[in-house]
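Novice: Quick one: the structure is below, questions incoming.
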Amino acid sequence: MDPKIHTYFKELVERGGSDLHLSEGQPPKIRVHGDIKPVSEHILTHEDMVELMQPICDPKLWESYEECGDADFAYEMDSNSRFRCNYMKQQRGYCCVFRIIPTKILTLEELNVPEQIKRFGEMRSGLVLVTGPTGSGKSTTLAALIDYINTNFSRHIITVEEPIEFVHPSKKSIITQREVPSNCASFADGLRASLREDADIVLVGEMRDLETIALALTAAETGLLVFGTLHTNNARKTVDRIIDVFPAEQQAQARTMLAGSLRGVVAQLLMKRCDKPGRVAVNEILFATPAVGAIIREGATQKLADVIVGGKGLGMQFMDDAIWQKLQQGIVSPQEAYMKAIDKARFKNFLPPDDAALANAGGA
């Protein structure tokens, strides 16, 4: 007999949603095209939550969740439906969020991301950062890039993830996927071990602490191609975040290491479409050049925007230019463009009069 939670998973799939939210004391809700909506009026009790959550969770992990209040894992309902699961405890009791993971890895062409992103897959060493807020499709873009390498090049690719999301079959490359904490204790441990595992490429699911970031820089300097993710919105913030993780006395050395090893940044946002239901990705793309290296060493990251705008001929793309293009094509609304833009003044004149008045009142 199917676990009770499959009823909600099937509804999520049928409605084309991205996330299922279950929380004690609240009705069940799903996120569809960015908006969260209740799927029933039933208020979930503690007993409901245990009945929904426990059957799909490994017994040892459930024990750890009850003790610590957090758990992350992946769950496969059937050959077409896989979920990233996050269990937590909150004020009213148990809570969980499930993100649907496509079982088919889309190609970069199918995702309609800029063609020049393929160049990162053709590199042999250095650090490439794929960034964006939670739910912006970073994992999907990165999976497509890894699949591009897997299809076209003979490499040994190691991924360190928490949990494993997209499952990659080995094609031309060998793919070794490791899950934190079941296959290795932490991202840092998995990254450190990869230096002894004849890897060509390492994907680090999340670079969120000093040890992991320092190891990623070292691995990139020693000849590995390292892909990492950060929750930043653009190239400038990405470089700043990497450096700011280090203590003040180590930041000059970190800038030198990053200037030498960084190969590029792909920042991604998802925007709500106005031409049809759904969302569309927009990307900022930075390729490392001698000018970029000099800017990082100087700590003058405010100059990166000018380098990106001036680097169109090299395949670079500024986030506001990508948003502008979608606005001009009628794919996104002026309000959505204004909300997601860095330089809001550029988009303010396109807002309807009422929204423009509010923007002026807010001093944007």
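Novice: Considering only segment 118-137, state which residues are in a helix (DSSP H, G or I) and surrounded by 22 or more Cβ atoms within 10 Å (Cβ to Cβ). So that I can check it myself, show each step before the final result.
Specialist: Looking only at segment 118-137, we keep the residues that are in a helix (DSSP H, G or I), and these are 118-121.
Answer for segment 118-137, where residues must be in a helix (DSSP H, G or I) and surrounded by 22 or more Cβ atoms within 10 Å (Cβ to Cβ): 120, 121.
Novice: For residues that are assigned to a loop (DSSP other than H, G, I, E, B) and more than 18 Å from residue 145 (Cα to Cα), scanning just segment 214-240, find the one that is most open to solvent (accessible area, probe 1.4 Å).
Specialist: Per the criteria, the residue is 222.
Novice: Checking residue 16 against (1) open to solvent by 20 Å² or more (accessible area, probe 1.4 Å); (2) modelled with pLDDT of 95 or more; (3) out of contact with any Pro (no Cβ under 6 Å at 6 or more places or on another chain), only one condition comes out false. Which one?
Specialist: Evaluating residue 16 over (1) open to solvent by 20 Å² or more (accessible area, probe 1.4 Å); (2) modelled with pLDDT of 95 or more; (3) out of contact with any Pro (no Cβ under 6 Å at 6 or more places or on another chain) leaves (2) as the failure.
Novice: Being assigned to a strand (DSSP E or B) and in contact with a His (Cβ under 9 Å, 6 or more places away or on another chain) is the filter; apply it to segment 36-77 and report the residue that is nearest to residue 22 (Cα to Cα).
Specialist: 36
Novice: Give segment 22-75 a look and list any residue that's β-branched (Val, Ile, Thr) and either surrounded by 14 or more Cβ atoms within 10 Å (Cβ to Cβ) or touching a Phe, Trp or Tyr at 6+ places or on another chain (Cβ under 6 Å) (or both), or say none.
Specialist: 30, 32, 39, 50, 56
Novice: Going through segment 298-347 one residue at a time, which ones are within 21 Å of residue 116 (Cα to Cα) and polar (S, T, N, Q)?
Specialist: Within segment 298-347, 317, 325, 329 meet the criteria.
Novice: Pull up segment 258-303, narrow it to residues that are among the hydrophobic types (A, V, I, L, M, F, W, C) and over 22 Å from the mean Cα position of the chain (by Cα), then point me to the one that is farthest from residue 214 (Cα to Cα).
Specialist: 274
Novice: Just to be sure I understand, how many residues within segment 328-348 are crowded, with 20+ Cβ neighbours inside 10 Å and part of a helix (DSSP H, G or I)?
Specialist: Number of matching residues: 5.
Novice: Now for a different question. Would you check which residues across segment 177-208 are in a loop (DSSP other than H, G, I, E, B) and open to solvent by 50 Å² or more (accessible area, probe 1.4 Å) and list them?
Specialist: Passing the criteria: 181, 182, 183, 185, 195, 196, 197, 198, 200, 206, 208.
Novice: Considering only residues that are at pLDDT below 95, closer than 15 Å to residue 105 by Cα and crowded, with 19+ Cβ neighbours inside 10 Å, which ones fall in segment 145-167?
Specialist: Result: 164, 165, 166.
The rows are residues; the columns are (1) within 27 Å of residue 70 (Cβ to Cβ); (2) of a type outside the set (A, V, I, L, M).
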position: 142; (1), (2): yes, no
position: 155; (1), (2): no, yes
position: 158; (1), (2): yes, no
position: 162; (1), (2): yes, yes
position: 170; (1), (2): no, yes
position: 182; (1), (2): yes, yes
position: 197; (1), (2): no, yes
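Novice: From the list 295, 323, exactly one residue is modelled with pLDDT of 95 or more, in a helix (DSSP H, G or I) and within 17 Å of residue 270 (Cβ to Cβ). Which is it?
Specialist: Sole residue among the options that is modelled with pLDDT of 95 or more, in a helix (DSSP H, G or I) and within 17 Å of residue 270 (Cβ to Cβ): 323.
Novice: Looking at 182, 173, can you tell me which residue is over 21 Å from the mean Cα position of the chain (by Cα) and at pLDDT below 90?
Specialist: 182
Novice: Counting only residues that are crowded, with 19+ Cβ neighbours inside 10 Å and among the hydrophobic types (A, V, I, L, M, F, W, C), which one in segment 78-104 is modelled with the lowest pLDDT?
Specialist: Start the filter on segment 78-104 by keeping residues that are crowded, with 19+ Cβ neighbours inside 10 Å, which leaves 82-85, 87, 94-96, 98-101.
Still in the list and also among the hydrophobic types (A, V, I, L, M, F, W, C): 83, 85, 95-96, 98, 100-101.
Working: 83: 93, 85: 94, 95: 97, 96: 97, 98: 96, 100: 91, 101: 86.
Filtering segment 78-104 for residues that are crowded, with 19+ Cβ neighbours inside 10 Å and among the hydrophobic types (A, V, I, L, M, F, W, C), the one modelled with the lowest pLDDT comes out as 101.
Novice: Another one. From the residues in segment 306-326 that are closer than 14 Å to residue 343 by Cβ and in contact with an Asp or Glu (Cβ under 9 Å, 6 or more places away or on another chain), which one is surrounded by the fewest Cβ atoms within 10 Å (Cβ to Cβ)?
Specialist: 309
Novice: Oh, and also: Find all pairs meeting these conditions: Cβ atoms under 6 angstrom apart; at least six residues apart or on different chains; first residue within segment 167-179 and under 16 Å from residue 72 (Cβ atoms); second residue among the β-branched types (Val, Ile, Thr) and buried (at least 19 other Cβ atoms within 10 Å of the Cβ).
Specialist: Taking only residues 6 or more apart or on different chains, the pairs are 177/159; 177/164; 178/160; 179/164.
Novice: Among the numbered criteria (1) open to solvent by less than 40 Å² (accessible area, probe 1.4 Å); (2) over 21 Å from residue 142 (Cα atoms), which single criterion is violated by residue 211?
Specialist: Residue 211 satisfies all of (1) open to solvent by less than 40 Å² (accessible area, probe 1.4 Å); (2) over 21 Å from residue 142 (Cα atoms) except (1).
Novice: Looking at 120, 98, 153, can you tell me which residue is farther than 25 Å from residue 181 by Cβ and either in contact with a strand residue (DSSP E or B) (Cβ under 8 Å, 6 or more places away or on another chain) or without any contact (Cβ under 8 Å) to a residue 12 or more places away in the chain (or both)?
Specialist: 120
The values are calculated or read from the model by the stated rules, or taken from the named source; none is laboratory data. This structure is a prediction, so every number in the text was calculated from the model and none was measured. A quick note on method: Cβ atoms are made from the backbone with ideal geometry, for glycine too, and the neighbour counts reach across all protein chains shown. SASA here: full protein model, heavy atoms, side chains in, ligands and nucleic acids out. Shrake-Rupley method; radii C 1.70, N 1.55, O 1.52, S 1.80 Å.
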